[in-house]
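Read-outs throughout are calculated quantities, based only on the coordinates presented, and are distinct from any laboratory measurement. Note that the structure is a prediction, hence the values are computed from the model and not measured. Backbone-built Cβ (ideal geometry, glycine too); neighbour counts: all protein chains shown.
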Amino acid sequence: NAGVTQTPKFQVLKTGQSMTLQCAQDMNHEYMSWYRQDPGMGLRLIHYSVGAGITDQGEVPNGYNVSRSTTEDFPLRLLSAAPSQTSVYFCASSYSGGLGEKLFFGSGTQLSVL
Amino acid sequence: DAKTTQPNSMESNEEEPVHLPCNHSTISGTDYIHWYRQLPSQGPEYVIHGLTSNVNNRMASLAIAEDRKSSTLILHRATLRDAAVYYCILRDGNQFYFGTGTSLTVIP
C-alpha cells in the first residue's frame, strides 16, 4: 500500500492564482482531512470529510474549497491564492473517523504564495 | 486559545526515560487525548491515544491524570530515532486540535 499520497511536494504561486492540492489514499478510508502547518505552530484543520459526498469545515476553512467525489481522493482547492496561505499542507485519513482511530498522514505539500 | 499546552523543548540522554507533559485544562468529557510525533520534513506519525485510563503500546505509555486536565507521554528508553516534535492533541468529534508541540532532543 502507498498509504496517503500528496502531490505536488512543492509549489510556488503568485497572488491571485488558483491551484489544487491533490490527496489520494489506497486504504479504503472513509475519513479524510486537510491541515495547514505554519512555523512555530501546530497543525490546524482546514476541512474534513467523513465519506464520499460529505464535507465539513474545520478551524481555518476560509480561502479553501474541498469536494469528495470518490472514497480515494480529497483535493484541496485554493481559488485565489494569498500570501497568508503560504504554509505546509498535510492530508490525513482514517478508517471511519471513529474516536479511537489513528490518522495516517501524507508527507506534505510546501506552498509559497508570492 | 490553544486547547493544549506543552513545553517548547526538552532534552533527554539516550537510553533514559522521557516524560513529556501536556496540560489540557478545558478538556470535555468526550475528548480523546492523542499524541503524534513529527520528524523533519515528514507528516505526523501516531504514537498513542486514550480517554480516561492509562495506556501502553510498543512505542510509549500514556498517563492521564484522574481529572483529565493533564497527561504525560512516557518514552521508556529514548533513542536517537525518538528525536522529533511531539504533539499533544485533543480530539473532539471529527476535529483534532493540535498544540504547538515539544521538540525533543536526545543526547548520545
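What to note about this one:
- Looking across B:25, B:41, one residue alone is exposed (fewer than 15 other Cβ atoms within 10 Å of the Cβ), without any contact (Cβ under 8 Å) to a residue 12 or more places away in the chain and of a type in the set (Ser, Thr, Tyr). It is B:41.
- When residue B:69 is tested against (1) in contact with a Ser or Thr (Cβ under 7 Å, 6 or more places away or on another chain); (2) at the interface with chain A (Cβ under 9 Å from one of its Cβ atoms), exactly one condition is not met: (2).
- Count - residues of the range A:47-61 that are within 16 Å of residue A:88 (Cα to Cα) and away from chain B (no Cβ under 11 Å): 2
- Subset tally (residues that are within 7 Å of another protein chain (Cβ to nearest Cβ), crowded, with 21+ Cβ neighbours inside 10 Å and assigned to a strand (DSSP E or B)) for the range B:88-104: 2
- Scanning the range A:65-110 for residues that are within 13 Å of chain B (Cβ to nearest Cβ) and without any contact (Cβ under 8 Å) to a residue 60 or more places away in the chain gives A:88, A:98, A:99, A:100, A:102.
- If you filter the range B:50-64 down to residues that are in a loop (DSSP other than H, G, I, E, B) and either within 11 Å of chain A (Cβ to nearest Cβ) or not charged (D, E, K, R) (or both), you find that the one that is surrounded by the fewest Cβ atoms within 10 Å (Cβ to Cβ) is B:53.
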